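Everything on this sheet refers to the single structure shown next.
The values are calculated or read from the model by the stated rules, or taken from the named source; none is laboratory data. None of these values were measured; they are calculated from a predicted model. As a convention, Cβ positions derive from the backbone with ideal geometry for all residues, glycine included, and neighbour counts pool all protein chains shown.
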Amino acid sequence: MSLRLQASRRSGSGPSCARRQGGFTLLEIIVAFGILAIGLTLLLGTLSGASRQLRDAGDAGNAALVAQSLLASHAELLVQPVRLSGDAENGRYRWQLEATPWQDPSLRGVKTPVDAGAAHLLHVRLDMEWGEGGPRQQLHLSTLRLALPPRDLEMR
């Protein structure tokens, strides 16, 4: 009978004991949760950065539409040098519009006769800025516009 007891004791410490200890240790679980937390943090940071870039791109596209609208609505004023400023969309966008006589860079310093009845070019510059808090976004547009002489000068 003593032989049977010893045999059963040995079989209890063999393969069945190894099957009972097949789970994870507390240290392995903590490490796994740490890796998961780092991965989720990086993923959420990437997603929030992407959503911020998407919002900024939408604001820039909207600013371009507002700029186009401003140039169209002030077209009648852009026949002579002028400086205007204001805001659009309830103060969301601030803008400055400036039209100055354009001079050919190759003729700078050379006196040329000015004909008041002739068409001339104006350098039109529109600067816009927007943004909440932090760094403000900016849009700078620059173009040349042909200013025709006033009709009363053409009749003379």
Determine which member of the set ALA72, ALA118 is surrounded by fewer than 10 Cβ atoms within 10 Å (Cβ to Cβ), closer than 18 Å to LEU148 by Cα and either in contact with a Leu (Cβ under 7 Å, 6 or more places away or on another chain) or not β-branched (Val, Ile, Thr) (or both).
-> ALA72
Every listed condition ((1) closer than 23 Å to PRO149 by Cα; (2) in a strand (DSSP E or B)) holds for MET128 save (1)
Are there any pairs with C-beta distances below 8 angstrom linking a residue in the stretch 122-147 that is closer than 16 Å to ARG55 by Cβ and in contact (Cβ under 8 Å) with a residue 40 or more places away in the chain to a residue that is surrounded by 12 or more Cβ atoms within 10 Å (Cβ to Cβ) and aromatic (Phe, Trp, Tyr), with the two at least 6 apart or on different chains, and if so which?
-> TRP130/TYR93; GLN137/TRP130
Give the number of residues within the stretch 122-141 that are surrounded by 12 or more Cβ atoms within 10 Å (Cβ to Cβ), closer than 29 Å to TRP102 by Cβ and not aromatic (Phe, Trp, Tyr).
-> 12
From the list THR25, THR100, which residue is of a type in the set (Ser, Thr, Tyr) and surrounded by 10 or more Cβ atoms within 10 Å (Cβ to Cβ)?
-> THR100
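Out of the residues in the stretch 78-111 that are among the hydrophobic types (A, V, I, L, M, F, W, C) and at pLDDT below 85, which is nearest to LEU141 (Cα to Cα)? Lay out the reasoning, then the answer.
Kept after step one, since they are among the hydrophobic types (A, V, I, L, M, F, W, C), are these residues of the stretch 78-111: 78-79, 82, 84, 88, 95, 97, 99, 102, 107, 110.
Now drop any that are not at pLDDT below 85, which leaves 78-79, 107, 110.
Details: LEU78: 15, VAL79: 18, LEU107: 24, VAL110: 28 Å.
Within the stretch 78-111, the match that is nearest to LEU141 (Cα to Cα) is LEU78.
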